[in-house]
1. Near Gly250, within a Cβ-to-Cβ distance under 11 Å, what is the net charge of the other residues, with Lys and Arg +1 and Asp and Glu -1?
2. Give, as a single signed number, the net charge of other residues whose beta carbon lies under 9 Å from the beta carbon of Glu300, with Lys and Arg counted +1 and Asp and Glu -1.
3. Using a cut-off of 14 Å between beta-carbons, work out the net charge of the residues near Asp67 (Lys and Arg +1, Asp and Glu -1, Asp67 not included).
4. Report the full-extension gain for the segment Ala47 to Asp181: residue separation times 0.36 nm, less the Cα-Cα distance, to one decimal in nm.
5. According to the Kirkwood expression over distinct Cα-Cα pairs, how big is the hydrodynamic radius of the chain, in Å?
6. What do you get for the angle between helix 39-53 and the principal long axis of the chain? Use alpha-carbon atoms, 0 to 90 degrees, nearest ten.
7. Report, in deg cm²/dmol and to the nearest 500, the calculated mean residue ellipticity at 222 nm for the chain, where each DSSP H run with n ≥ 4 adds -39500 (n - 2.57) and the sum is divided by the residue count.
8. Averaging over all projection directions, find the projected area of the Cα convex hull of the stretch 315-423 and quote it in nm² with one decimal place.
Amino acid sequence: MQGCAVKTCSAVAALLVCASLSNANAQSSAGAPAESASPRLQAVDTAIQTQISRKMWPGAVTLIARDGKIIHFSAQGSLDKDSTRPMPKDAIFRIFSMTKPIISVAAMMLVERGQLRLDDPITDYVPELKPLKAFSAPGQEPVALARPVTVQDLMRHTSGFTQKFLGMRPKEVADAYAEKDVETFKQDLGPDEVLTRLAAIPLAFQPGTTFEYGMSTDVLGIILERITNKRLDVLVRELVLSPLGMADTGFNVEPSKANRLADAFDSDPLKAALWGWVRVDADPGARMRLASAGMVSTAEDYFKFAQMILNRGELNGVRLLSPKTVDFMLSDHIVGMAGSPAAIAGPGYRFGLGFAVRTQPGMAVTPGSVGDANWSGVGGTAFTVDPQERIVGVIMVQAPFNRIHARNLFKNLVYANAFGPRP
């Protein structure tokens, strides 16, 4: 850190400036957007532009913050698939599974208010699922549950629910999901109908035994609606989005903002299925709001959410969660269980309540710190929060097929360029 220039300041002013500059460990508020301020940070733009030139994605918005201040905020390439409109910084993106951390925060807010407990059996709220059984081994007949599925199981993906998309296991369960369309790929199903269909499909595993990514957060969203007697989009806006000032985040894009919705290339082999599944350009009406994947956001909006997590529950004087609750969410909640989030978050990561959490300094394929947390969306968006280095990084692209490349490249760029001038 550069020293304060005291020759042109009064002694009191100099002390104040120095104190401000050296207060790196103080809890920070969200800073105003800034362009890349140094040649080192401009390297982020160069690398992203190279990918755009290679047609990896039409355009990108990237944001890096340290100590609560945005040090890089850039939009490059095109908003649309035909490359006719420049990408704006306030472009709106389908964030898919980056919806899950937002829903998890809303759930923990209800826990803090005494309206929900993590050890509650989910059938206290969704009795339609009482008939559930579970497979103990592939090819065997399903058996009774060894214990109830709990709210905590939903939040850490140890419920036994799975998904068909992306080929999750076991095959007989995933095939049943597709046959009954419980993920609503083909039909507009309401939450009650989704529960009825889920109840007829055995769990992939006994509850609390195996991390298996899937529909757990969708069931959690239905529970939140029933507890509060509010639609999920209304509840999330009241609890999380409005307090944080996330005005462009929600479950659909308002007509007045439709010209800011980013797109992927039609040549992307995953686009048609995903864009047809999560239809964000209109109000879903009676269709279930997808708590696992249904939201849209901007880079700056999601930065506010991520910075709140980095600040241990607070942003700009507004506290959503207690510091200890955030610490608890960013702890390893799948200790001793089978399975891991490595296929999504990469090796070296375990899973907390809504977030992947790094537990090893090595093993991972990108730099980071023990305790850093992240998640991503199948459409190409990703974020990372590093409490040790006080870093937040957000990348927004729409490139489902190239999503892993996008998030790993960006994380490399964050840790290579967020620490000042090159030697």
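None of the figures in this text is laboratory data; all of them are computed from the coordinates on show. For clarity, every value in this text was computed on a predicted model and none was experimentally measured. Note that we place each Cβ from the backbone using ideal geometry, even for glycine, and neighbour counts take in every protein chain shown.
1. Numbers: positive: Arg237, Lys257, Arg289; negative: Asp233, Asp248, Glu254, Asp283, Asp301.
Its environment carries a net charge of -2.
2. -1
3. So the environment of Asp67 carries a net charge of +1.
4. 44.2 nm
5. 22.1
6. Approximately 50 degrees, to the nearest ten.
7. Values: 13 runs with 128 residues, N = 423.
Mean residue ellipticity, 222 nm, calculated: -9000 deg cm²/dmol.
8. The Cα convex hull of the stretch 315-423, projected and averaged over all directions, gives 8.4 nm².
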